[in-house]
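Chemist: Below is a structure I'd like to ask you about.
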Amino acid sequence: MQIENKQLIQEAKKAALEVLLHNAHGPFAGLPRTAGWGYPEPYTRDLMFSILGIAVSNNKVLMDSMHKVLETLAKNQTDHGHIPSLVHDKDDRGSSDSTPLFLIAISIFRKKTGEETFLQEAVEKALIWMEYQSPSDRYLVAQQPTSDWRDEQWVTGYGLFVNTLVYSYLKLLGLDERANCVRQEMGRFTITNGVMHHHVHEGLTVKYKPYYAFWSYKIHSSERFDLLGNSIAILSGIASPSRANEMISWIEEECASMQAKGELALDLPPNFFPYTKPEDPDWHARYALYNNPGEYHNGGIWPFICGFYVAALVAAKRYTLAEEKLVALTNCIKMTTDKELAFGFNEWHKAQDGKPMGQNWQTWSAALYLYAATCVEEKHTPFFDEMRTNLMLA
């Protein structure tokens, strides 16, 4: 890596830490805010994702803040074990990813602090809640549309992203037997012939493609590519090393093709592709307002997700490519809608021109940048290495 790029990355890491410290105390009961000036609320999923960057920062102020967040979530947990979408609001419910992310964050917090039974009662209730999210009473969990981080995009039934979270928290908590069952069910093919036979259960594996389906339910599925879900599949070891390498090569080839067609301006993958267009059967009228092709959830470039992709490259031992993508991500987070900021850490960027969109100083953008930079520098993926190692030894 060139010296100037190394220096820029160090500057970006310092800026990321500044963002996280700035956002550590917000107006709602002193809980962290989700973005520097916009989004003052403590959104559960954003803060749970940020545990990865906070944990590798080894910053006591941030760890203390995360301790408060987790304790508050446990207090606001429903009787049945569900974790609310807003940390401070027990009545803001319905999220499919807040509970599995809570279990992941607690597991990482325990590993960092050595508090092996931290919030054990809340963990047990959350595990039971998640078991009841399987309509087939098996291992994959299902969700309602717009209930995960994609609040403007439909994911119906067994979503890839949420199930990679389920697998990850099971591995982190040492529940290997159930985790292996989740992985086995994900390894089944989606049903493509329009007929569901008795005792045939759908999965998330796509025939003749190296990646996992966006979602699957009975005879229906989407084979569009979900960068976040597939990156976590690589990181956690759901994807075998050979599948991971094949998937990464496929991603890079597809991105090169999109760049050639003017559909992608940056040297980073969109969160979702091919983009859903108005003439497609899975287009919804509301997308014209919030989710146009190459924007927001419909193909926008999200720095926090690109952080996961960089970490996935390290997990696959694609170290040179990981360095290249970290440099591209660093240049991306420098862009900002506020000229007074040296680094924007924006929410997302428009795919076709790279323009920064959403709020500046987004908590999860800063946190996942810190995590990605640490993975590249140390050539390992904290908290995920153990999942893949244990899988190989099984």
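Values quoted throughout were computed directly from the atomic coordinates according to the rules given, and no laboratory measurement underlies them. Not measured: the values here are computed from a predicted model. Don't worry about glycine lacking a Cβ; one is built from the backbone with ideal geometry, like all the others, and counts go over all protein chains shown.
Chemist: Given H placed on each backbone N at 1.01 Å, which residues far from residue 86 in sequence or on other chains put an amide H within less than 5 Å of it?
Modeler: 44, 92
Chemist: Can you list the equivalent-ellipsoid semi-axes of the chain, largest first and in whole Å, using the square root of 5 times each Cα gyration tensor eigenvalue?
Modeler: On the way: eigenvalues 157, 137, 89 Å².
Ellipsoid semi-axes (Å, largest first): 28, 26, 21.
Chemist: Additional query: Under 5 Å between amide hydrogens, which residues at least 5 positions from residue 35 or on another chain qualify, with H placed 1.01 Å from N in the peptide plane?
Modeler: Placed amide hydrogens put 363 under 5 Å from residue 35.
Chemist: Another question, then. When a/c reaches 1.5 or more, the comparison of a/b and b/c decides; with that in mind, is the stretch 271-394 rounded, prolate or oblate per its Cα gyration tensor?
Modeler: Oblate shape, in that a/c is at least 1.5 and b/c is the bigger or equal ratio.
Chemist: Cut-off under 17 Å on the C-alpha distance; same-chain residues fewer than 8 positions from residue 13 excluded. Which lysines are left, in chain and number order?
Modeler: Filter leaves 60, 325, 334, 379.
Chemist: Follow-up question, since we're still on this one. Which of the peptides 313-323, 162-172 is most tightly packed, and how do the rest follow, judged by the mean count of other Cβ atoms within 10 Å per residue?
Modeler: Put in order of decreasing packing, that is 162-172, 313-323.
Chemist: Around residue 155, what is the net charge, scoring Lys/Arg as +1 and Asp/Glu as -1 over all other residues with Cβ under 12 Å from its Cβ?
Modeler: Taking every other residue near residue 155 into account, the sum is -4.
Chemist: A further question follows. ³J(HN,Hα) across the stretch 110-122 via Karplus (A = 6.51, B = -1.76, C = 1.60, θ = phi - 60°), whole Hz, x for Gly/Pro?
Modeler: 4, 5, 6, 9, x, 7, 5, 10, 4, 6, 4, 4, 5
Chemist: What ³J(HN,Hα) values, in whole Hz, does the Karplus curve 6.51 cos²θ - 1.76 cosθ + 1.60 give for the stretch 269-277 when θ = phi - 60°, with x put for Gly and Pro?
Modeler: With the stated coefficients, the stretch 269-277 comes to x, x, 6, 7, 6, x, 4, 7, 10 Hz.
Chemist: Can you list the residues, at least 5 places off or on another chain, whose amide H is less than 5 Å from the amide H of residue 188, using H built in the peptide plane?
Modeler: 204, 205
Chemist: Among 165, 220, 81, whose Cα sits farthest toward the positive end of the charge dipole of the stretch 3-393 (+1 at Cβ of Lys/Arg, -1 at Cβ of Asp/Glu, about the Cα centre)?
Modeler: Result: 165, furthest along the dipole toward the positive end.
Chemist: Can I ask one more? Shape verdict for the stretch 1-133, please, from the Cα gyration tensor: rounded (a/c under 1.5), prolate (a/b greater than b/c) or oblate.
Modeler: In terms of gyration-tensor shape, prolate.
Chemist: Taking the Cβ of residue 6 as the center, what net charge do the other residues with Cβ under 14 Å away carry, scoring Lys and Arg +1 and Asp and Glu -1? Walk me through the numbers on the way to the answer.
Modeler: Values: positive: 13, 14; negative: 4, 11, 323, 324, 377.
Neighbour charge sum, excluding residue 6 itself: -3.
Chemist: Something else about it: So what is the calculated 222 nm ellipticity per residue for the chain, using -39500 (n - 2.57) for each DSSP H run with n of 4 or more, over all residues, to the nearest 500 deg cm²/dmol?
Modeler: Computed ellipticity for the chain at 222 nm equals -15000 deg cm²/dmol.
Chemist: Separate question: How large is ³J(HN,Hα) for each residue in the stretch 215-220, as worked out from phi by the Karplus curve 6.51 cos²θ - 1.76 cosθ + 1.60 (θ = phi - 60°), to whole Hz, x for Gly and Pro?
Modeler: 7, 8, 7, 6, 8, 10
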